[in-house]
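The values are calculated or read from the model by the stated rules, or taken from the named source; none is laboratory data. Please read all numbers here as calculations on a predicted model, not as lab measurements. Glycine also receives a Cβ, built like all others from the backbone with ideal geometry; neighbour counts cover every protein chain displayed.
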Amino acid sequence: MGKQAAKRRQADNEAIATATMLRGSPQKLNLVATSIRGMKVEKALASLSFNRRRNAQDVRKVLQSAIANAENNHNLDVDSLIVAEASVGKALTMKRFRARARGRVGKIVKPFSRLRIIVREVEETA
């Protein structure tokens, strides 16, 4: 009697991982995400581990989670995975203020970001 299971939103050769409340602006996070799009996952992990940006470690964690999802949940071969998509979006923005001279206020915005990484298994051609 219950509800039918929802259809899977990805293809059978894809796995996904998301992070929702990453501290930092989406513009800065997108610079790191752009650098790994279309790469093989081993090369992307190596690139992220030597990247000097602070957000690179967050992207690396999400990528490792997507790889683990592909291996454990969808039985995909880890050696033939590529980063199909790495999309960044806005989450909430904390608004703070700082007292300034003559009774004025200085606005401080602290943005958060969302990151979604999709890895896809590709057939290697000889």
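Couple of notes before you dig in:
- Where residue 13 falls short, out of the listed (1) farther than 26 Å from residue 95 by Cα; (2) buried (at least 17 other Cβ atoms within 10 Å of the Cβ); (3) at pLDDT 95 or above; (4) not hydrophobic (A, V, I, L, M, F, W, C): (3)
- Subset of region 60-80 [among the aliphatic types (A, V, I, L, M) and touching a residue at least 60 places away in the same chain (Cβ under 8 Å)]: 76
- Residue match in region 117-125 (condition: touching a Gly at 6+ places or on another chain (Cβ under 6 Å), under 20 Å from residue 24 (Cα atoms) and in contact (Cβ under 8 Å) with a residue 60 or more places away in the chain): no
- When region 88-126 is limited to residues that are small (Gly, Ala, Ser) and farther than 14 Å from residue 21 by Cα, the one that is surrounded by the most Cβ atoms within 10 Å (Cβ to Cβ) turns out to be 106.
- Any hit, region 22-32, residues being surrounded by fewer than 17 Cβ atoms within 10 Å (Cβ to Cβ) and either of a type in the set (Asp, Glu) or within 14 Å of residue 120 (Cβ to Cβ) (or both): no
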